[in-house]
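The values are calculated or read from the model by the stated rules, or taken from the named source; none is laboratory data. Not measured: the values here are computed from a predicted model. Glycine also receives a Cβ, built like all others from the backbone with ideal geometry; neighbour counts cover every protein chain displayed.
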Amino acid sequence: MRAELILFLVLSLAAPAFAAYESGPVGPYNVSFDMNTTMEYRVIVEAPSSGVTSIGVNFVRYNLTIDSVDYFAWLILTRYEEPMVANISANEYIVYNALLDAGGDKPNLYQYLIDGKPGVVGNFRFERQFLGQGQYQEGDLVVAAIYSPDAKVYEDGVYRGKTDCRVISTFPKEIITYLLYTLHVEVPKEEGASIEPDNLSPPINQSSFTNQS
């Protein structure tokens, strides 16, 4: 009995403190990330939707929701019918406006490597209590990010991709930072090859989805 108890304690101490690795299909993509938290949450893959951009490009959208009692994150994969501009300027515009729509006044924007690709991350904190009809409180953090997992430089020198990946989150900074650091989107094989654009200087740098805590 004593030997069994000692073995149990050794195994318990050897177990990882954080277990929040997620991996699985989202539409035609395979997505993986690590939350690096013991917080309880659910991962929900939603049904796809379709639409047309303001310039007439058809797209299909695949959403993944990460939901906890106090926080949420959306991971949105949009697959366009033709390649779309995915350079830093275009991504900054999308992130900035997403944060304005979320209630931000003057969002902070940063260049950031996501999944080995140049992306943009932005954030803001609410400054007054109980904004958003009671959904948010003073100091709550909102983060938005975007990159294209299949972008490449085309013959005309423009960096474009048929897929963009957007994230918006209210999780604490340490959790969403780790998610973005570990996020990987595997695109269909025929669209996977890419050439990295020049002169982009990011500052920083797995089977069905499981609910781990």
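Okay, here's what the table says:
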{"item": "Set 101, 105, 164: member being crowded, with 21+ Cβ neighbours inside 10 Å, among the acidic types (Asp, Glu) and either in contact with a Gly (Cβ under 7 Å, 6 or more places away or on another chain) or at pLDDT 65 or above (or both)", "result": "164"}
{"item": "In the range 45-56, residue nearest to residue 186 (Cα to Cα) [restricted to those that are aliphatic (A, V, I, L, M) and surrounded by fewer than 12 Cβ atoms within 10 Å (Cβ to Cβ)]", "result": "47"}
{"item": "Whichever residue in the range 1-31 is modelled with pLDDT of 90 or more and part of a loop (DSSP other than H, G, I, E, B) and, among such residues, is surrounded by the fewest Cβ atoms within 10 Å (Cβ to Cβ)", "result": "28"}
{"item": "Test: residue in the range 57-65 that is hydroxyl-bearing (Ser, Thr, Tyr) and surrounded by fewer than 17 Cβ atoms within 10 Å (Cβ to Cβ)", "result": "yes"}
{"item": "Wholly within the range 35-115, strands (runs of 3 or more DSSP E) carrying at least 1 residues that are under 21 Å from residue 173 (Cβ atoms) and not aromatic (Phe, Trp, Tyr)", "result": "42-45, 58-67, 72-85, 108-114"}
{"item": "Out of 82, 127, 138, 190, sole residue that is at pLDDT 95 or above and surrounded by fewer than 18 Cβ atoms within 10 Å (Cβ to Cβ)", "result": "82"}
{"item": "Cβ-Cβ under 6 Å pairs, at least 6 apart or on other chains, the range 32-44 side surrounded by 16 or more Cβ atoms within 10 Å (Cβ to Cβ), far side part of a strand (DSSP E or B)", "result": "32/23; 32/184; 33/22; 34/21; 41/66; 43/22; 43/66"}
